[in-house]
Amino acid sequence: MSGPATDDDRRLFLTVEECFALLAGAADGLVNFTRHALPAAIPVSCSVEGSELVLRSEAPVRLGRLLDAACVAVEADRVEGATGTTWRVVVIGTTVADRRGRPGVRVHPVEVTGHRLPSSQVA
């Protein structure tokens, strides 16, 4: 269940289940990783399959090469139009090629965190 972090912090922290529910409705995100010991990020399409994320891009072969057996952080966030509430989810995990005959990369989550920020707190 969501709840305020502290009296001074208006973020509402999300459960893992809430995070995956939001990710299921998010069509895109950003995958962060290291390349040649430097930080890198690529926009990706993401979908939820069970307890895993599946990442795809317009260059699936390149994505597969870049993220082969990598440790990644996938971020997705949105501003909900009706309420103005902002949410952000971050999934940290390891990657493997999607072996189901489709180009893409599967992320096995190790850590899933997320929060909502009510519209009155959005600057």
**Request:** Just subtract the alpha-carbon distance of R62 and T15 from 0.36 nm times their residue separation and send over the number in nm, one decimal.
**Result:** 13.6 nm
**Message:** Only counting other Cβ atoms within 10 Å, I'd like R106, R78 sorted with the fewest neighbours first.
**Reply:** R78, R106
**Where labels lie 7 Å past Cα in the beta-carbon direction, separation of S51 and H36 in nm** = 3.8 nm
**Item:** Radius of gyration and maximum dimension Dmax of region 14-121, Cα, Å
**Value:** 14.0, 45
**Ranked H115, H36, criterion: other C-beta atoms within 10 Å, fewest first** = H36, H115
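Throughout, read-outs are computed from the coordinates displayed, never taken from laboratory work. Just so you know, these numbers come straight off a predicted model, no measurement behind them. In this analysis, Cβ positions are derived from the backbone assuming ideal geometry, glycine residues included, and neighbour counts consider all displayed protein chains.
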